[in-house]
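Report on the structure given below.
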Amino acid sequence: MNLNIALIGTGTIGSGVVEILKNNSELIEKRTGVSIILKKVCELDFSKAKKLGIDEEILTKDYKEVISDKDIDVVIELIGGYEPARTIIIEAIKAGKNIVTANKAVIARYGDEIFKAAAENNVNVNFEAAVGGCIPIIKAIKESYASDKIKAIYGILNGTTNFILSMMEEGMSYSDSLKKAQELGFAEADPSFDVEGKDTAHKIVILSRLAYNSMIPENIETTGISELKMPDIMYAKELGYKIKLLAISKLENNELDIRAGPVMVPIEHSIASVNNEINAVYLIGEQTKETMLYGRGAGKLPTATAVVSDIVDIAKRNKGYYTFFNEIKLKDQDEVMARFYLKFMLIDKPGSLAKITKILGDNNISINAAVQKEEDKDVVPVVVITHKSLNKNIKKAIEEIEKLDSVKEKPVYLMIEDF
Ligand code: HSE
């Protein structure tokens, strides 16, 4: 069968889609019987599109031309961001077009509106590329695990930040690592979405909605890695941990503990071996127990592969589903219990450490291990690993410790994820 498609945006992923269609269309048709025809391309910068070998005749700067074209079956939205992506998607759906998108921001914020419109207009919205690049995690949760109850999802879901953390472990600076990730086409147009954890948050919200069939809000507790310092990465390594920007979504007694931020993971856990731009999703199901999916989470061709497969899927399959019938309470993040890594830069004089241990004790925080790094300087790092403590007690203790004259720099605190 013939499937006429229109591409909106020829940036990193869009150019990958064009390349895959050029190289693999014959293979796709032989395998699936679907012949994909690129009928229109919407791009403001024609020279960019022409460099990809796109015929000028099919180029337009006006997305409305795509929407009003009765022959187009599928609109591929690859411009990213909230707007005008949302408007284009909604208008295309109302015009009866199926949608394929790699846009996690738009699905996280406007997913409800988009899927309602899709149901009303009897079209499909596929978004496999929005989470985990080429890892088929959306299909896995919607289909492969349809008969299980998912209890927890842990994910390394942002290629850029995982790449930065891996490079920093090798001694490259934060800013050089970010620059390299941008050059390699991993980062968002606005890289603050990567480094501040928002991209990871969007992705875990999308996976959690599918896994728990509940309308999880977009604004979950999120922390980034922009303030993370190289020494903490090194101390973590010495102590047998790795720092990962981890998305966590654990359902216990119908209460969801969901967050995104840097945590320390034991070096022997498989998630700790996920490096560079690689993503991984570690699922725990009631019946299936642990499963880990691992693959390229960012980059032109891996992500574009998921987009093109979603196009084929539209031709081959029935409607997807995105239904919410569960009411889930979100866990108050202050009430999360965990072990913590704390690091203080202390003036090396009698009584400095005692003041800190007193504040920790007063806040009901028990110390598991403490090391003062031997350095011939006036200000020295002191690293503490706590026993399980309440997040709110740690936050309060840190606030008090930060005010001490003997403490220089902002203290660092990271949760240790013991899985
Ligand atoms: N900026 C994203 C990342 C791209 O680094 O993972 C893939 O969603």
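Quick notes
- Residue within the stretch 222-244 that is acidic (D, E) and closer than 18 Å to I138 by Cα present: no
- Only listed residue being touching a residue at least 60 places away in the same chain (Cβ under 8 Å), within 14 Å of the ligand (Cβ to nearest atom) and more than 25 Å from E113 (Cα to Cα), chosen from L184, L239: L184
- For the stretch 91-117, the set of residues classified as aliphatic (A, V, I, L, M) and either closer than 21 Å to L283 by Cα or in contact (Cβ under 8 Å) with a residue 60 or more places away in the chain (or both) consists of V100, A102, A105, I107, A108, listed by residue number.
- Subset of the stretch 153-182 (residues that are of a type in the set (S, T, Y) and buried (at least 24 other Cβ atoms within 10 Å of the Cβ)): Y154, T160, T161
- Condition check for M234: part of a helix (DSSP H, G or I), surrounded by fewer than 19 Cβ atoms within 10 Å (Cβ to Cβ) and either within 11 Å of the ligand (Cβ to nearest atom) or hydrophobic (A, V, I, L, M, F, W, C) (or both): yes
- Of A95, A85, all but one fail to be surrounded by 20 or more Cβ atoms within 10 Å (Cβ to Cβ) and either within 24 Å of the chain's Cα centre (by Cα) or farther than 14 Å from A304 by Cβ (or both); the exception is A85.
- Applying a threshold of 8 Å to beta carbon distances and a minimum spacing of six or more residues, or different chains, the list of pairs starting in the stretch 8-37 at a residue that is in the same structural domain as K97 (by TED's automatic domain parsing) and ending at one that is of a type in the set (K, R) and exposed (fewer than 15 other Cβ atoms within 10 Å of the Cβ) reads T32/K316; V34/K316.
- Scan of the stretch 394-403 for residues that are over 18 Å from S352 (Cα atoms) and either over 28 Å from the mean Cα position of the chain (by Cα) or crowded, with 19+ Cβ neighbours inside 10 Å (or both), ordered by number: I394, K396
- Residue match in the stretch 242-257 (condition: more than 13 Å from the ligand (Cβ to nearest atom) and part of a loop (DSSP other than H, G, I, E, B)): yes
- Taking (1) over 19 Å from G81 (Cβ atoms); (2) of a type in the set (K, R); (3) within 10 Å of the ligand (Cβ to nearest atom) in turn, K203 satisfies each apart from (1).
- Selection from the stretch 294-303 of residues that are of a type outside the set (K, R), under 14 Å from the mean Cα position of the chain (by Cα) and either more than 9 Å from the ligand (Cβ to nearest atom) or assigned to a helix (DSSP H, G or I) (or both): Y294, G295, T303
- One residue stands out in the stretch 1-44 among those that are part of a strand (DSSP E or B) and not aliphatic (A, V, I, L, M): the one that is farthest from V66 (Cα to Cα), namely S35.
- Considering only residues in the stretch 90-105 that are of a type outside the set (G, A, S), part of a helix (DSSP H, G or I) and farther than 19 Å from T323 by Cβ, the one that is farthest from the ligand (Cβ to nearest atom) turns out to be K94.
- Residue match in the stretch 373-390 (condition: in a helix (DSSP H, G or I) and more than 20 Å from L239 (Cα to Cα)): no
Residue-wise test of (1) in the same structural domain as T161 (by TED's automatic domain parsing); (2) over 18 Å from the mean Cα position of the chain (by Cα); (3) modelled with pLDDT under 95.
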| site | (1), (2), (3) |
| --- | --- |
| E255 | yes, yes, no |
| I271 | yes, no, no |
| L283 | yes, no, no |
| E286 | yes, yes, no |
| M292 | yes, no, no |
| I311 | no, yes, no |
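- Filtered residues of the stretch 127-153 (kept if under 17 Å from T200 (Cβ atoms), outside any helix (DSSP H, G or I) and within 16 Å of the ligand (Cβ to nearest atom)): F127, V131, G132, G133, I135
The values are calculated or read from the model by the stated rules, or taken from the named source; none is laboratory data. On a predicted model such as this, the values are computed, not experimentally measured, just so you know. All Cβ positions, glycine included, derive from the backbone under ideal geometry; neighbour counts span all protein chains shown.
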